[in-house]
Structure formats: C-alpha cells, structure tokens
Amino acid sequence: MTSGTYRSPGSRNRLESLDLLSILLVTESSDDVAAISIYRTAADRIELWYSKDRPCTEIEKANITKFIQSAARTAHLSKPAREDLLRIALRMCKRKVFACIYEARHLMVRFSRDGSYGIIPRASQADHDLRDAATIKLRRILGENDFPSGRSLEAFLTLLFQAIILAIRPGVPFDIAANVEFYFEAVIRCHALLQVPVIDTVIEGTLLGRLMEIADYYTAVAIAHREIQKLSPGGKAYLIRSIREIPPSSPTTYLTPPDPLTCLNHWARYRGLTLSSSSSPSSLPAFPGKTQIRECTHPEATLITKIISAHKSSPTVLRDIGSSRISCWICQEFSAAACDLYPGICIRLSREMLATAGSWKFPVDTPACLVLALTRRVERAMGMVFEGVDSLGGIGRGVKRKIGEMEG
Ligand SMILES: [Zn+2]
C-alpha cells in the first residue's frame with residue numbers, strides 16, 4: 001500500500017549512500033535509529049542535519065563532529081587516512097558493531113557443528129579455478145601477513161571464523177569499549193571478502209548477509225571520506241559549521257495497548273460507524289504480545305517537519321533523507337503528503353520496501369494542514385484494509401461511505 005513512486009531510479013545510489021552513512025550514528029545495540037538529511041545549497045556547499053528518536057547525548061554530538069572534522073582534515077584520499085577514520089567511526093558505534101559481529105558469530109557457531117563453518121565445498125573444476133583466482137585477489141587486498149601464501153581460501157575463512165568464535169565466549173566478560181581493534185580487523189576482512197566476485201558461491205547466504213552488515217561500516221566510512229574530500233577547504237569548513245542535530249520535538253512515551261476489538265470499536269465510534277455483529281476478537285489480528293508500546297517521533301518525521309519549516313517559502317528544494325532502518329510506511333506517507341502540500345519541496349527517502357511500525361507520533365510542530373493530509377491518507381488506507389476483511393463487511397461498507405464523503 002503506497003502512494004506512488006517515492007524515488008527516481010537515478011537517486012538510488014545517493015539515497016543508499018545516505019542510508020549507509022546513517023548507520024554510523026547508531027550507538028546502541030538495539031532500539032536505536034538515526035536519520036540524516038543532506039542538502040546541497042551550491043556545488044561546494046553541503047548542509048548536514050541528523051536526528052535520532054531521542055535527543056543525542058553531548059558525547060554523541062561531539063563524536064559526530066569529530067568524525068567529520070577528521071574526514072575533512074586529510075588533504076587527500078589514502079588508505080591510512082581511511083583506516084584512521086574507520087577506527088574513529090567504530091569507537092562511535094562500537095555497541096552496534098559488536099552486536100553485528102555477535103550475530104554473525106552465532107551463525108558461525110551453528111555452522112561449526114558440522115565442521116563446515118558455512119563454507120560451501122568446491123564442487124567442480126570450475127569452482128577450483130574461480131576460487132584460486134579469488135584467493136589471489138583476496139591475498140592482494142589483505143597482504144601476505146594476513147593471508148599467507150600456501151593457505152587456501154577455505155582455510156583462511158575457517159581460521160577467520162574460528163578467531164571470531166573464540167574472541168567472544170559465553171560466560172567470559174567482553175569489554176565492548178576496549179575492543180575497537182577487534183572490530184576494525186573484522187570490518188576490514190569482511191569488506192575484503194566482499195571484493196571477491198564469487199564470494200556468494202563460497203559462503204552460505206545467511207552468514208554472508210551478516211558479514212555484509214559488518215562490511216557496511218567500511219563502505220560508510222569510505223563514502224564519507226570520498227565525498228568530504230571532494231570539497232574545497234571552504235566547502236569543508238562550511239560543512240563542519242552546518243552540522244546540526246535536529247532533536248525530536250517531544251520525548252519518548254510508553255502506552256499499554258488496548259485489545260484489538262476495543263481499538264476497532266474506538267476507531268469506528270469516533271467515525272460514527274457501527275461494527276458488524278459478526279466481528280469478534282478471534283477475527284482480528286492479535287497485537288504481538290506486547291504489554292507496552294514505545295511511542296516516539298521517528299527521526300525521518302522530525303527531519304521532514306524541520307525541512308518544511310526551513311523551506312516552505314523556497315521555490316525549489318531537494319532534500320534527501322537516509323535512515324539506518326527501513327523507513328516505515330507512515331514516514332513515507334508523511335513525506336509524500338508534505339511534498340503534495342508544498343510543491344517547492346521535494347523530499348526523497350530511500351528503500352522501496354515499506355515496513356510497518358509499532359507506533360508513530362507526529363512531531364509537535366507539524367503544520368495543521370499536514371496533520372490533516374496525513375490523517376486522510378491513513379484513513380483511506382485503513383478503509384482499504386477493512387474493505388478487504390470479509391468478517392468486517394458491515395464496517396467495510398460504512399468506511400467506504402465515510403471516505404466517499406471525505407473525498408467528495
Ligand atoms: Zn517511520
């Protein structure tokens with residue numbers, strides 16, 4: 001259920017890059033999400049806004065600025081400079097990186113039980129040839145010290161996975177903050193693995209997916225480094241001055257959800273509708289066993305509201321928003337509604353796959369016309385859902401009539 005195209009094909013790479021950059025702002029292992037918005041006011045002038053679902057701490061804000069300053073400081077792109085930057089980034093998001101490695105380790109342990117470690121055996125002469133070529137490429141990337149001559153690709157991977165399994169052991173304390181060098185090595189090696197074209201025929205798919213998440217940190221740092229290095233000294237200084245946190249306009253709250261039938265009754269009564277007598281709790285989907293729902297303004301919504309307030313009188317503005325997590329359906333609708341209301345503003349969010357969120361909260365400074373526009377979109381979508389539920393045929397007809405009145 002979407003409201004049309006949210007992004008043009010040409011913007012895909014830029015938006016995916018923004019999504020990747022936003023993972024560098026995620027500092028907690030779970031329930032932490034960040035979004036960033038880049039605005040190019042001129043070829044050499046970039047403004048960077050970022051937001052999380054809670055206000056950032058002073059340490060987080062200082063780390064983000066330090067990261068950008070470090071990326072701007074080097075006069076050129078070099079491997080040592082990029083690796084220094086990677087270490088700074090990994091200190092920022094050490095808990096999340098640890099969580100990614102821990103998840104991958106979980107799979108490695110599972111695959112170790114049959115001795116395979118998730119490594120697919122060579123099956124043919126063609127496999128031998130491709131893997132021999134892959135071995136040479138990987139050794140060239142990592143160097144002889146890391147990947148000595150005479151060691152097969154499979155032996156290299158087995159030793160790598162065994163080292164990760166042994167580094168984090170249940171019952172043995174692991175100091176997350178003190179192990180940045182361990183994350184650094186893991187990220188460097190995972191990134192190198194993904195440079196090998198046939199790696200998807202060597203490592204089992206689910207494990208490879210986990211390794212890609214770890215490698216993303218290298219890619220994110222490389223993108224930041226490359227883009228910042230494109231700027232002139234004046235452009236770098238402008239970027240550093242323009243870095244700005246946009247905190248959510250209201251604090252996170254928690255609510256205890258009512259049961260689904262009470263919820264539906266409330267929704268119907270509010271709209272002057274009557275529930276069909278055939279409606280019963282068993283015909284409704286249950287809430288997924290949560291006693292409390294966390295309510296917060298999503299960072300994309302915070303940024304969208306800020307963009308409107310900053311640019312509502314601008315003739316044309318293009319703002320891209322990247323997010324560390326797939327933007328939810330309501331955020332996408334919120335963006336589409338904002339672009340409809342303010343024709344001079346174009347906001348693009350990444351990711352075509354839409355996810356539903358457990359809760360969503362308007363930023364308190366959302367213009368009333370935008371609240372109404374989004375409410376209408378949600379009403380229309382809910383009507384379509386109820387129309388599709390046979391056991392709620394009575395309310396479905398009522399909803400259809402009501403929507404017809406709203407649109408008429
Ligand atoms: Zn959202």
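Derivation of every value follows stated rules applied to the coordinates shown; laboratory data play no part. These figures come from a predicted structure and were not determined experimentally. Note that we place each Cβ from the backbone using ideal geometry, even for glycine, and neighbour counts take in every protein chain shown.
With the chain treated as a Gaussian network of Cα nodes joined by springs under 10 Å, which of 238, 39, 270 yields the largest mean-square fluctuation?
270
From the C-alpha gyration tensor of region 22-162, pull out the three semi-axes of the equivalent ellipsoid (sqrt of 5λ each), sorted largest to smallest, in whole Å.
So the three semi-axes of region 22-162 are 38, 22, 14 Å.
Using only the Cα atoms of region 57-245, what do you get for the radius of gyration and for Dmax, in Å?
18.5, 58
Given the options 22, 313, 250, which has the most mean-square fluctuation in a GNM of the chain, springs set between C-alpha atoms less than 10 angstrom apart?
Among 22, 313, 250, the largest GNM mean-square fluctuation belongs to 313.
Which whole-Hz couplings ³J(HN,Hα) result when phi for each residue of region 243-254 is put into the Karplus expression 6.51 cos²θ - 1.76 cosθ + 1.60, θ = phi - 60°, listed in order with x for Gly and Pro?
Karplus values, whole Hz, x for Gly and Pro: 4, 8, 7, 10, x, x, 7, 9, x, 5, 10, 10.
Between 225, 128, 76, where does the largest GNM mean-square fluctuation fall for the chain, given springs only between Cα atoms within less than 10 Å?
So, out of 225, 128, 76, the one fluctuating most is 128.
Relative contact order for region 57-245: what is it in percent, counting Cα pairs under 8 Å that are at least 6 residues apart?
Averaging sequence separation for qualifying contacts and normalising by length gives 38 percent for region 57-245.
Checking understanding here: applying a Kyte-Doolittle mean of at least -1.0 and a length along the axis of at least 27 Å (C-alpha), which whole DSSP H helices in the chain pass?
In the chain, the long hydrophobic H runs are 205-229, 368-387.
Taking the Cβ of each residue in 375, 356, 27 as the centre, tally the other Cβ atoms inside 10 Å and list the residues starting with the fewest.
If I rank by nearby Cβ atoms, fewest first, I get 356, 375, 27.
Tell me the relative contact order for the chain as a rounded percent, counting alpha carbon contacts under 8 Å between residues six or more apart.
26 percent
Compute the whole-percent fraction of alpha carbon pairs in the chain spaced more than 33 Å apart.
45 percent
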